[in-house]
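The values are calculated or read from the model by the stated rules, or taken from the named source; none is laboratory data. Note that this is a predicted model, so its numbers are computed, not measured. Cβ placement follows ideal geometry from the backbone for every residue including glycine, while neighbour counts extend to all protein chains displayed.
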Amino acid sequence: MKTAPGKRLVAAGLLALTCLAPLTASAETLADALISAYKNSNLLEQNRAVLRAADEDVASAVSALRPVLAFVANAGYTDPVAMGRDNLSATIALSASMTLFDSGRNRLGVDIAKETVLATREALVSVEQSVLLGAVQAYFGVRSAIENVSINDNSVRVLEETLKATQDQFDVGEVTRTDVALAQAQLAAARAGLAAAQGQLAAARESYKAVTGHYPGALAIAPKVPPLPKSVTEAQGIAMRSHPSILQAQHQVAAADLGVALGAAQRLPTVSADASLARDDNGINASSVGIQLQQPIYAGGKLSSVHRKAIAQREQARAGLQQSSVIIAQNVANSWADISVARAQISATDRQISAATIAYDGVREEAKLGARTTLDVLNAEQSLLDARSSRITAVANLQVANYSLLASMGLLTVDHLNLGIPVYDPAAYYNAVKSAPPTSVQGKSLDRVLKAIGKN
């Protein structure tokens, strides 16, 4: 059996995730961050509850096909003078009613509810992708912030040594007070840059905690780049088949088509049956059985309006499906372009770092011989710092762009990444309630289902 292109890519992506070589035995990997985000997401819990509510709509629709039993108790008071009899009366009764034929309206309602459930499941997958992509962004945000703090801290140490050397040169008359002031100014700027980098790290740590539920400790080195499609066209093809937004829109179209049929069926007849058994306060029993046929003739234009509204909603859903396809294709292309840009930036900054390193070393040696000024040395050191910082940003952007491409194809899920944890089963609750069981009989079973899915 052939493996689908999307699954092959995901399997290879899993290999990349499992190759997250830790810096230490306790280093947290990207896979760890993704798992924590999945387990601790309030947004996922919120949308799982939305899905369970949609499941209950199926149960409600199914219940409309069943008989309704009711206990009825009546008590009344009449004027004894006007009526010529006792003024108090009471009746108890047991009544039953059931729709025997409704021209398929109830069945259409059940089918619409089922399509809505399937659409809501895909919406939950979209939320899952957003949560996991947020974890990727937070992970690499912390990593790049740590690296920026490191290079800024190193810059401060280098400039402290530069200032010390410049001060020594000034003491023996080799440089002027201006050179000392330039070194002091550059050191102050470097310390300000370090403070800013430390602030960005603090903010990145808070973002990480918001996504995963805990602050980051030591983070493992960046994972290998996940395998990607060979072309943007291939990536878009996978997205058209796999992305939850498109699958959601397809189910919404199906529900809208059924809605049009339901709107047309509102004009058709209904047959219902009624039965009752009653006993009054005089001990007299009464029972009745009846069948009723009802056919709308005129409803003030309401039925035509309902049908037209359903047609308009179908057109809306179909247009929404087309627009979803356009947006997904655009997102894939944008992610593809982001990857290309980040790769180009990394290549360019590598050359920039190489050149800036050579320039810095040369200017520093020339300054020792008096051929360069202190300002020349400081400028060369700043250029090297800027190049290293740019590369850190480009590497983080590339990693995020790689996983953004997976998300734009609909493949950034716990199930597809095979992270090795229990996943939420969207069918478990549905299977427990789809037949509209009475709580008195099925309550314990339903409680077990809720407990089970609550552990995932």
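What the table below lists for this structure:
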read-out: Qualifying residue in segment 337-354 (condition: under 25 Å from Leu247 (Cα atoms), in contact with a helix residue (DSSP H, G or I) (Cβ under 9 Å, 6 or more places away or on another chain) and buried (at least 19 other Cβ atoms within 10 Å of the Cβ)); value: no
read-out: Residues located in segment 417-443, provided they are more than 22 Å from Glu115 (Cβ to Cβ) and either buried (at least 21 other Cβ atoms within 10 Å of the Cβ) or of a type in the set (A, V, I, L, M, F, W, C) (or both); value: Leu417, Leu419, Ile421, Val423, Val441
read-out: Residue satisfying condition, being assigned to a helix (DSSP H, G or I), of a type in the set (Asp, Glu), surrounded by fewer than 19 Cβ atoms within 10 Å (Cβ to Cβ) and in contact (Cβ under 8 Å) with a residue 24 or more places away in the chain, within set Asp168, Asp153, Asp179; value: Asp153
read-out: Residues of segment 95-116 that turn out to be modelled with pLDDT of 90 or more and more than 18 Å from Leu262 (Cα to Cα), as a count; value: 0
read-out: Yes/no for Ser408 being surrounded by 20 or more Cβ atoms within 10 Å (Cβ to Cβ) and among the hydroxyl-bearing types (Ser, Thr, Tyr); value: yes
read-out: Qualifying residue in segment 249-256 (condition: surrounded by fewer than 22 Cβ atoms within 10 Å (Cβ to Cβ), assigned to a strand (DSSP E or B) and touching a residue at least 60 places away in the same chain (Cβ under 8 Å)); value: no
read-out: Hits in segment 32-70 (condition: closer than 28 Å to Arg105 by Cα, assigned to a helix (DSSP H, G or I) and without any contact (Cβ under 8 Å) to a residue 40 or more places away in the chain); value: Ala49, Ala53
read-out: Failed condition for Arg241, given (1) within 22 Å of Ser36 (Cβ to Cβ); (2) surrounded by fewer than 20 Cβ atoms within 10 Å (Cβ to Cβ); (3) of a type outside the set (A, V, I, L, M, F, W, C); (4) within 22 Å of the chain's Cα centre (by Cα); value: (1)
read-out: Where Arg267 falls short, out of the listed (1) surrounded by 14 or more Cβ atoms within 10 Å (Cβ to Cβ); (2) assigned to a helix (DSSP H, G or I); value: (2)
read-out: Candidates Ser354, Ser347, filtered to the one that is of a type in the set (S, T, N, Q) and under 30 Å from Thr233 (Cβ atoms); value: Ser347
read-out: Condition met for Ala312 (among the hydrophobic types (A, V, I, L, M, F, W, C) and modelled with pLDDT of 95 or more); value: yes
read-out: Which listed residue is of a type in the set (Ser, Thr, Tyr) and modelled with pLDDT of 90 or more, from Thr357, Thr439, Thr373; value: Thr357
read-out: Pairs, first at pLDDT below 85 in segment 264-288, second exposed (fewer than 14 other Cβ atoms within 10 Å of the Cβ) and aliphatic (A, V, I, L, M), C-beta under 9 Å, six or more apart; value: Arg279/Ala286; Asp280/Ala90; Asp280/Ala286; Asp281/Ala75; Asp281/Leu88; Asp281/Ala90
read-out: Pick from segment 168-190, criterion within 57 Å of the chain's Cα centre (by Cα) and not small (Gly, Ala, Ser), ranking: farthest from Gly370 (Cα to Cα); value: Leu187
read-out: Residue identified as exposed (fewer than 13 other Cβ atoms within 10 Å of the Cβ), within 24 Å of Ser103 (Cβ to Cβ) and not small (Gly, Ala, Ser) among Gln294, Gln323; value: Gln294
